[in-house]
Structures are given as structure tokens and as C-alpha cells.
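Heads up: the structure comes next, in C-alpha cells.
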Amino acid sequence: MLIFHKSSIFVEILLLTIFIHMKKLLLLSSAMMLFAFTAMAQKTVTGVVLDASGVPLPGASVVEQGTNNGVSTDFDGNYSIEVSEGSVLEISFIGYQTFESTIGESDSLNISLEEDNQLEEVVITALGVKRESRSIGYSVKTVTGDNLEQKTEGDIGRVLQGQVAGVNITNSTGISGSGTNIVIRGYTSITGSNQPLFIVDGVPFDSSTNSQEAFFDGNTASSRFLDLDPNSIESINVLKGLSATTLYGQQGRNGVILVTTKSGSRKISAKGFETTVSQSYFQSTPNLPDYQTEYGGGFHQEFGFYYSNGGPNFDARISQPSQFGAFYRETLGNTVYVQHPISKINDASLVSDPDIAALASQNYAYKNYDSVKNFFRTGIVHTTSVNMKKTTESGFMNLSFGRTSDEGFTPGNKLGRTNISIGGSEKLENGITFGGTMNFAQTNYKTPPVSAGTGSGVSGSGASIFGHVMFTPKSVDLMNLPYQTSDGRSIYYRSGNDIQNPRWTVDNSKVSQFVNRVYGNVNLSYEIIDDLNVSYVYGFDVYTEQNTNGQNKGGVDGDVTGSYQTIDVVNQVYDHNVKLSYSKAINDKIGFQGIIGATGRRNVYSQNQVNSTQQLAFGVMKHFNFVNQAGSSFDSEQNIYGVFADFTFDYNNYLFLNLQGRNDQASNLEKENNSLFYPGGSIAFVATDAFPQIKSDLLSYAKFRIGYGNSAGFGSTYRTRSTLGLSSRAFLDRGGNVIPSNFVSNTLGNSELKPEKVSEFEIGLDMRLLNNKLGLNISLFDRNTQNLITSRTLPAASGYTNMTINAGKVSVQGVELDFNYRPIKTADFKWQIDGNFYADESLVEELQGSTTEFTYTSIIGGRPQNFAIVGQPLGVIKSTTIERNASGEALIDADGFYVESTEQSIVGDPNPDWVSNLSNTFSYKDFSLGFTLQYRHGGDLFSQTAATLVGRGVLNPGTNREGVYVLDGVNESDGAVNTTQITAINYGFDVFSFGPGEIQIFDGTTIRLSEVNLNYNVPKSFLEKTAIGSLNIRLTGSNLFYRAVNMPEVVNFDTNMMSTGVGNAQGIGFITGPSARRVGITVKATF
Amino acid sequence: MKKIFNLKKTSFKIVSSCLLMLTLIACETFELELVDTPNSLTSASADPDLFLSSIQISTGDFFESVTEEGMEVTRILHMFGPLYRNAYNSTQLNTPWSTAYATIFARSNVTSSICNRIHDSVRSFCSCINCS
């Protein structure tokens, strides 16, 4: 920490020096300005800037040539500027030819700009360097604020879903605030992180998901990019390939998400001072399965208070009293009444409360209670955001405030977030620019726990809110049965009380994360001479994350004596970045731009944990109220120091050569292996400028690009040295004495551990066709990783069970396509199509030594797992299968069921074959209507939800539940064709739900209507007499419809959910609960 | 104009020297060897008594983990299967095996350093298990 103390002193000295000089400077500059004012006759010129078809161009820049005097056009293309007579006005707008006009006597000047064929779009690339998009030799995708603001989701990850080709984003659950998994260009690391780097306003932003539990113990942790407010973001650039991210070193190996916030953006607003206020209101509802309504709980049409829903028909005209056996009481109308479930509870102490005991003698109506639907609620989301920005010619100042309150559709789930941000920058006349941003975020997230539901209870040590709810038998009156006894215990419909009542879970079991976070940067830059610039940026990102996970005593799942866990996390990231940039036209044809620099990043993570069990007073969640406590802590510290250089040469502004390199040193590996150099480079060739004759009405612009880049992964900390195990409470002897112990840690340190290496080759083509109406960006890439850092099992005879090694090669090849098409564009009507396509194929080429496969996900109750297998795509799913004979016929056992294999085999590839998104926007005058479709082709998944819900009979997939079935196959014993009948209920339960794993693997092909929005801009004429500059009303619906076409339709399963949370597991779904559908309204006004 | 130039020159000097120093400090003080974990003890802190406790406790665990199967196959305890053919899979004895070799007999530089420091009374026990 000392070093930071020192460096901050230097920053202070620097600031002080600037401050002292500023006074002199201010005097000087004001004197100069006074002189300028008196010398020339000023006048105000007003006008409107339109495009060729008469559509106003907001944000076009109007500058007096040769001066700093300039303004931007407002929302309707209007501008007003004070200039001296005889001067030249320069009007420019991205994508249009610059227009120049000498100011004569007239006070008004309306301009119509011609579209420029050479699209001079400027994009932000690595380390915040702005480049013309034509000069870039790799693919960069920009998502602007319009596509990020006013969305139904407050999680920036989920907002980006489907907007960028090659960026695969999945939700962990439908719970508001739960983690979001982002993977760019496929999984390339087997056990290392595949999540991209977040850079906010030029400095690193921690985006980890600090999962304090294995996912099967309660998968709920938020991903820390949740602390960003999408409404305060100006734009996002996604750097996908390694030739784009080389300068970020090892951290950029999984792609970089470059976020520019409104407080960190120099972008000039339409007016000098502008306030934007927006208010949203959304409702979220769960996408539930289509439950059947005819049958209730039981098995084989016989009534019972079972987990399964294979009981008699609800209609007493169809069912017989005999089907209810001893439970039968009476029939009134068409409804059968049975003994009350409370009367069947074995543990007498549970039903001793008078009000509960009174129920025992009552009759219980056997009917459809639709409990699942009634259990969930309508979630409500409120979002308020205010942004104030003042821009001048030399700088800007921005203040933003955001508040999101998101009550999920799951009872007990709530997410609240407050964001405050301030930022500004000023360029002095002596060439010094100074600025900074300061952001504060407070995120408060609460939810009931979600452990892995196995269709018959939960696996893991916690409870699950969804585990039993989703297949609640239709005849169970969840919302009216008692759920808690007076002494706090859970009570439900089962005689053995072996299901934790979901309503008890809501009231008594809670996971929470409370985060206070401060992040931002200070930056200084100095223009030494005209083309030489030096800059320094200091970034900081510090947060505390207070995690709690507790359940009152009296539950069924987890620790029944009550448990409480608190984990306090402090994460700190400090980043220094110094760079020197130089640009020079060497001669008429050749230009040069160079950057050299150094960067140092320090990451300190620390957590303290206390686990308590055995609650004393019911309901009090404090450690003092528990008998047993155990504490633990974890600390990790990593420094990475890098030097980098980046040189770009251009020839005639159509051929660009970029060379770059970075050397990284990381503190977590032994000295011999901790340094790595990675080179990269790219070439961009604008063919339409090199050979103007190929330009035509058909082809307006074509650029070829080739890029190559390298990166590395240094892995997590402390894996190179062996440690000594210590168990402070190893044994409790008869006298109650605690005996501690030392042992050899089972993990063998590997002092030879090297960084894992990634390299990528990318080619691409950017085109504008049909008079710029159609834009296409195609990229092909080939990414290879080697020396993967992997945990390997050791034979126990060695004295250890595992060690971390460098092993294995994985490659991913893929194609990405982004396109936009403007088929119709008139003054009143516009039709705009944007879309993308992505396909990739991964391959595990090699693993350690003679190892040909291993699994890297935990085994949960014998369910399928992801494997790395040589010659297969990374992550293939293996599970038990139906045993087959040599000719491929299924073997059937004596009872008529499939014989389950004892060995696991490959049953699916979870990587989708290809994904595509298509969005259409129609605008007519002040209205616009947009909708986005998403399609995922293939990608297998194991779905415990589908298997359980169909198998337990709460859904009707179209089978005859009173019929009998004969499985296709031959008898295991004699090879004769199977003729043994099984019931539909057995088929559901023993085959579909809990039979061989391959039956529960589904193809994940899904079509989705991911968003529909309707926009209305209130016409200017209505607002003229008000203070409001513009007013926009938008109705949005997200995730309105989807259909996984190859899964049973009634399950209504959302394939965009990954119950394994944020990590490398794919396509393994436990009972994760429903996804959210959101609809609502947003009003946005500028003043 | 001359004054501006001077000012520019001075501030250039100040800024660039500050930046240079900053960079140098960053170079010098960025600790690049953070490889010993603060989350565990190192072999230097190994205590022979505590080590023997762990060997004793693990031996108990080992005994328990093999006797249960032993009782099952001899039908003293219920054997889930219930046939011999399907009662156990190939990984059944992995845990006791691992307990025996990776915990009780675990041989490493840690244990040898302990053997060198261990007191006489248990030296023979230790040598038969851990030290060659």
C-alpha cells in the first residue's frame, strides 16, 4: 500500500503545480479574449442542419473556421452561433461531407449536408485511443446510449444481450440482481475465467461474480457490473479480438467491454447546458410452464399427498371414490373432499398449535389450486435517472444520479441501487488537460436462496426457493395451508414433513449482498508540442461487499438448527497508466502515429467470514444468537506491471499498418515465469479509396482487414508453492478439549507454472453497399490457447491429490457478421434493420500427457457434467445413457425399463451452432416502432426442470396418463423384442424424470421476441411555451415470447438461463425457476 | 507570446518530470513476487505434535471408511444394492485410498523437516510412516 501513498503525493504535487500556474493563465487568457472581442464585429447566425432528405441532424458541429468557437445542433438540427462577419463557418457531421460557407450579411444559414461515402466514424479503441474506423484492422462494435438507456433490465450485461455478434450473454436465474455470464467469441479456457474485462472511462472496473457458495449451495451472487447504471452510459465499445485488446495485456484476453459514461465523455451536448430526466415503470412477470388443470397429486391415478402429480381427475364425475382410498370423505357437486393433509402429519409436535390442530378434522377439497401461479407475484421496477451536463469549448462538467428499485416476481427478492456520478475535464490554453470522474454506487440485493433442485429435493447445503415450488402438485393449496408453526418450524402437506414449505423459505431464509462502491479516475495530459502528447491516468475502484446467508431454525433443507453466514469482502483495484503519443505526417503520403506507455495494476481482495449454527432465539439473525461460530479469511494480492507500444503507419489514407506489443509481469508466478511479451498487429486496406474506379452505386465502401494478436492468462494467485494445512478444530476429545492438527495440503504447488497463452488470427471485410444503405462487417477468427492452467488430479499415492499445471490446447474458430440496412428513408418514414450472426466451433486439441478427458464441473447427484475431451468441442456433456446392443437397439430390463449404462458417454454439445439477432425499427414522423428477434440454433442442454415437470405429471405433454406404454427395444435377457408394458406414470417418473441421463438432454434451439418498443417524441410545437426541450415516451416489452422448439412446449423453458451461474459450466440446468417477462413505460425529458 | 512559451516550457518540465518519477516509482515499488499465500501456513510453522494429531485422526477416519463396506459385504450392515453386482462402483474405495496415501502417509518436504525436529518418543513411529 505504501507505493500508492507515495504516488498519490506526486499526483498532489502535480495538481498543485497546475493550480499555481492556472491563476496566471486565467489572467492571460481573459486578457486575450477581451482583445479578440473588441477587434471584430460580432453577429448571431441561426439556422438548421438537415440531411439530403430533409431529416434534421442533431449534434452536428458548427464551427467558425480557425477558431475554437463552435456549437452543436440541437435535437431538431437547429443551431445559433456568434461569429464575426466575413468568417467561414464549417458544418460537419459524422458520415456526411463537411460544408463550408462564408458569413455574409444574412443572419440565417440553413444547410443540407451530403452523405459522405468515406465514413469517417471515430471509434474508441484500446486505452481510450480514438481512431477513424477506416484505419482499424480488427472488428470493434459500438453500442450507443440509445440502445442502452431506458431498458427494462438494470443490469448492463443483460442490456447488451443480442446487441453484438459473438458476445454470448446468459442469465443465471430470473431473480432480479442474479449473476450474468458474458463470454466473447466462445470459451477458450477450461478452468480459468472466460469473462471479459470491463474498462469504465479508461480504467479497469472489477466485474467479478464473488460466488461465496458453490452454485449448487445457493446460486445467487450478483456480477459486479451490476453496479453500473445503464442510463448513465454514453456508449459501449466491445473489443472482441486479441488484435484489438493486446494493449490491455493478459486482462484483455477474453475481450474488453469499454464503457464510456456520460461523466467521462467529452461529447458535446446539443445545448451548452442540458438536463435529462427519465422515469421508468416496469412490471415483471414469470414465464411459467403451462400447467395442466385436470389432475392432482398421487401416483397411478390413486390419490396421495405425494411429490408427484399422478393422482385422479379433479372432476368427481370422472374419478371414483375408490381412487382416494382411506382419504375419501365426501363428494359435493363435482368436487371430492379428502382428509386434511394436516391430519396425516406424523410429528405430533408440528400440529399442536390450536389453529393448525383445528384443520385436522376439516375436509380438504381435491381441486386445482394453481399454487405455483399464485405463489409468484408481479414484480415492479422503478428507475429514475437525472443527468446534467454543461459543455464549453474547452471542457465539460457532468453530474448524474440514478435510482433503480426492482422488486422481482419471486417473493423475497429485491434489488435496489443508487448511482451518483460526477465528472469533468478542462483543457487549458497551455496544452494541459485535466479531468476526472468520481462514481458512487450502492447496491442492495436480497433473495431467497436457490440451491440446485434435483426434482426431488435439493442437492447442496442450502434451501432452494424454486426446488419444490415448480412441481407443486396441482391439488396442494400452498397459499392457504399453514407454513409455519408457532415455534417457527416449517410445516407443509407431507406426512413426513420432508419438504421445506416455500413460503417458510421466503420468510425465513435469505441471501443478501450489500455493496458500497467508489470508482473513477483522475487524468492529466499535456500537449508538449503539436503532435506529441503525454498523459497519465490513475484509476481506482474500491468496494465492500457484505454478504449474508441465513436461515432460521426449524427448516427442512440446510442446517435445521438455523445457520447464519456473513462474509465481508473488500476489493481494491488501482491502476496507473502513463502514455506518450505522437503523430506525424512523414510526407504527403505516409503518416505515422505512435504510442508508448507503461501501466501498473494492483488488485487486492480480502474477505472475512463467520459461520454460525444452532440458533437460540427464533428469528434473530445475529451471530450472538448462535451457539457455534467458526471464522475464516481469505486474502489475495496481485500486481501486474506492463509496458506497451503501438505504432500505426498509413499510406495515402487507405492502407494502414498497425504494430503493437506488450510485456506483462505478474506477481503471482515465480520470477522465472512471470514475464511474458505478446506482439500483435493488423492491416486495414480501404479498397474503394485505393481503386476509386471500383466504387459504384452498388459498392460505396470496402475495407479489408487482417489482424493477429496474443494474450495470456496468469491464473489466480498462490498456486506455485505447497502449503501446510492447519485445522484449528480437528477433533473434540471426550473431555471437550479441542485438538488442532497440521497436515500436508493435498494440493501440490507447481513452481514451474507458466502463464497460459492465447493467440488469435482474424480477417474481415467491412462494406457499405447500395448507396450506403447496407452496411456489412464480416470477421473470421481462429483463436488458440495453449499451456492452459488446469487443475490436475494426482494419484493419492504421491501424497497429494491435485496440482495446478499447464496443459492442453483449445482452439475456437468462428464467424461474425454485423449488418445494418436502411431500405426506406424519406423525410417522414424510415425503416431500419440491424442484425448480427455468430457461429463458432471449439475443439479440445490436447490435454496433459496421456490424459484424454476430464471433467471441470462438479457432479451433482449423478447428473450430467461438462467435459474437456480431446477431439471434442470444449464442454461436451457426458451422462449415463440407455444401454444398447451391438446393433444399437435399447436394452430393456425385466420390469420394462431401459437398462441404464454404468459408464458415462457424450450426449450433447452445449455450444449453440449459431445465433442470430434481427431488429427492425419503423419510424413515422414522431412515432417509431421497434422489435428484436433472437434465434439460437442448437446447443444441447440438460434440463432438470423439463424432466421433473413432465415426469411428475404437473404438465400434460400430450401423453395419455391413464394409458400404458411399451418402450422400444429388446429384452436384456433374451434379445427378444420388448413387450413389457409400463404405465404412463412410470414412463414419466422412472424414464423421463429419473431414467438414463440422455433422455433429459434437449436441443436448445430457441426463437425469441426479445424486445418490442413503441416510441413517441412529443412534437416541438407542443413544447414551445414550456421549459422542456424534448419529451419522449416509450413503451417497452422484453422477453415477450420465446419457444424452445425441440423441448416439450408445455415446459416453456427459457434456454437463456444457466443455473450453474457465472463460470465455465454450460447447458447444465437444475431447477432454476422461471425467467422474467417485463413490460413498462418510460418518460424522458430534456430541459 | 514569449511569456506563454516560457510558461509552457516550465510546466512541461514539471509535468514531464513528475510523470517520469511516477513511472519510475511504479517500476521500483511494484512488488512482483507475491507467491506465498497469506491464507495458509508454510512448512516452517509445522508442529510435530499437531502433525501426529492429524495422522491419528485420519487413521481413525480411514478405519471407519473401510469398515463400513466390510460390514456391508459381510451383511452386518444393510448393503444397498442389494446384489453384490450392483452394490459398489469402481470409485468406492477412492476416499479411503486417498485418506491413506494423501493424508496419513503423505510424504513431503514438510514431513521430512518435521522428522528432523521430532522428539525421540515418536521418532520411530514417524520414521515408519513418513521418513525414508
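The values are calculated or read from the model by the stated rules, or taken from the named source; none is laboratory data. Note that this is a predicted model, so its numbers are computed, not measured. Here the Cβ positions follow ideal geometry from the backbone for every residue, glycine too, while neighbour counts run over all protein chains shown. What goes into the accessible areas is simple: the full protein's heavy atoms, side chains included, and nothing from ligands, DNA or RNA. Shrake-Rupley method; radii C 1.70, N 1.55, O 1.52, S 1.80 Å.
The stretch A:1039-1087 and the stretch A:530-574 have Cα centres lying 26 Å from one another. Applied to the stretch A:1077-1082, the Karplus parametrisation 6.51 cos²θ - 1.76 cosθ + 1.60 on θ = phi - 60° returns per-residue 3J(HN,Hα) values of 10, 10, 9, x, 10, 10 Hz, with x for Gly and Pro.
Semi-axes, largest first, in whole Å: what does sqrt of 5 times each Cα gyration tensor eigenvalue give for the stretch A:326-447? Spell out each step's value before the answer.
Values: eigenvalues 841, 50, 14 Å².
Here the semi-axes work out to 65, 16, 8 Å.
Only helices enter the 222 nm calculation for chain A: every DSSP H run of n ≥ 4 contributes -39,500 (n - 2.57), and dividing by all residues gives -2000 deg cm²/dmol, rounded to 500. The contact residues of the stretch A:709-744, meaning those that lose at least 50 Å² of 1.4 Å-probe accessible area when all protein chains sit together rather than their chain alone, are A:718, A:721, A:723, A:724, A:742, A:744. Per-residue accessible area (protein heavy atoms, 1.4 Å probe) orders A:745, A:108 as A:108, A:745, starting from the largest. For the stretch A:948-998, with all protein chains in place and a probe radius of 1.4 Å, 46% of the accessible heavy-atom surface sits on carbon or sulfur.
Across chain A, Cα pairs under 8 Å and at least six residues apart give a relative contact order of 11 percent.
Applying 1/(1 + (r/R0)^6) with r as the Cβ-Cβ distance of residue A:322 and residue A:906 and R0 = 45 angstrom yields a FRET efficiency of 0.40. Accessible surface of residue A:973, taken over heavy atoms with a 1.4 Å probe and every protein chain present, rounds to 110 Å².
Taken as Cα centroids, the stretch A:323-384 and the stretch A:899-957 sit 35 Å apart, rounded to the nearest whole angstrom.
Based on the mean of other beta carbon atoms within 10 Å per residue, what is the order of A:221-234, A:509-522, A:860-873, most packed first?
Values: A:221-234: 25.8, A:509-522: 21.0, A:860-873: 19.4.
Output ranking for A:221-234, A:509-522, A:860-873: A:221-234, A:509-522, A:860-873.
Kindly identify the stretch A:600-667 as rounded, prolate or oblate by the Cα gyration tensor criterion: order the square roots of the eigenvalues as a ≥ b ≥ c, call it rounded if a/c is under 1.5, otherwise compare a/b with b/c, prolate if a/b is larger, else oblate. Each step should come with its number before you reach the end.
Details: a/c = 9.25, a/b = 3.73, b/c = 2.48.
Since a/c reaches 1.5 and a/b is larger than b/c, the shape of the stretch A:600-667 is classed as prolate.
Evaluated with a Cβ-only charge set (Lys, Arg +1; Asp, Glu -1), the stretch A:780-883 carries a dipole of roughly 240 debye about its Cα centre, given to the nearest 20. Both chains summed, the buried accessible area for B and A stands near 4900 Å², from protein heavy atoms and a 1.4 Å probe.
Extension gain, residue A:704 to residue A:962: 0.36 nm times the residue separation minus the Cα-Cα distance gives 86.4 nm. Seen against the Cα atoms of chain A and their longest principal axis, helix A:2-39 is set at about 40 degrees. Dipole of chain A computed with +1 at Lys/Arg Cβ and -1 at Asp/Glu Cβ about the Cα centre; of A:682, A:939, A:63, farthest Cα towards the positive end is A:63. Given labels modelled 7 Å from the Cα in the Cβ direction, how far is it in nm from residue A:673 to residue A:841? So the two model labels end up 3.3 nm from each other. With R₀ set to 30 Å, the beta-carbon distance separating residue B:59 from residue B:86 gives a calculated FRET efficiency near 0.45.
Would you kindly state how much longer the chain becomes between residue A:279 and residue A:1021 on full extension, computed as 0.36 nm times their sequence separation minus their alpha carbon distance, in nm to one decimal? Let's see the in-between values first.
Details: separation 742, 0.36 × 742 = 267.12 nm, distance 2.28 nm.
Contour length minus Cα-Cα distance gives 264.8 nm.
Here the Karplus curve 6.51 cos²θ - 1.76 cosθ + 1.60, taken at θ = phi - 60°, turns the phi angles of the stretch A:804-821 into couplings of 8, 10, 9, 7, x, 10, 10, 10, 10, 10, x, 10, 10, 9, 10, 9, 9, 9 Hz, with x standing for Gly and Pro. The simple Förster model, with R0 at 45 Å and r as the Cβ-Cβ distance, assigns residue A:78 and residue A:592 a FRET efficiency of 0.65.
What is the extension gain from residue A:802 to residue A:647, computed as 0.36 nm multiplied by their sequence separation minus the C-alpha to C-alpha distance, in nm to one decimal?
Computed gain between residue A:802 and residue A:647 is 51.4 nm.
Here the accessible area is traced with a 1.4 Å probe on the protein chains. For the stretch A:130-197, carbon and sulfur cover 39 percent of it. Between residue A:487 and residue A:302, the modelled labels are 3.5 nm apart [label points 7 Å from Cα along Cα→Cβ]. The alpha carbon centroids of the stretch A:616-634 and the stretch A:470-502 are separated by 27 Å. Take the Cα of residue B:71, step 7 Å toward its Cβ, do the same at residue A:980, and the gap between the two points is 3.4 nm.
In square angstrom, what is the accessible area per residue of chain A with a 1.4 angstrom probe? Mind dumping the intermediate values first?
Working: 42510 Å² over 1087 residues.
Counting only protein heavy atoms, the per-residue value for chain A is 39 Å².
Taken about its Cα centre, chain A carries a charge dipole of roughly 1840 debye when the Cβ of each Lys and Arg holds +1 and the Cβ of each Asp and Glu holds -1.
If you take all C-alpha pairs in the protein assembly as shown, what percent of them are over 41 Å apart? Please report the intermediate quantities before stating the final value.
Working: 391235 of 742371 pairs.
The calculated P(r) of the protein assembly as shown puts 53 percent of pairs beyond 41 Å.
The value obtained for the stretch A:581-725, namely the Cα convex hull volume divided by the number of residues, is 218 Å³ per residue.
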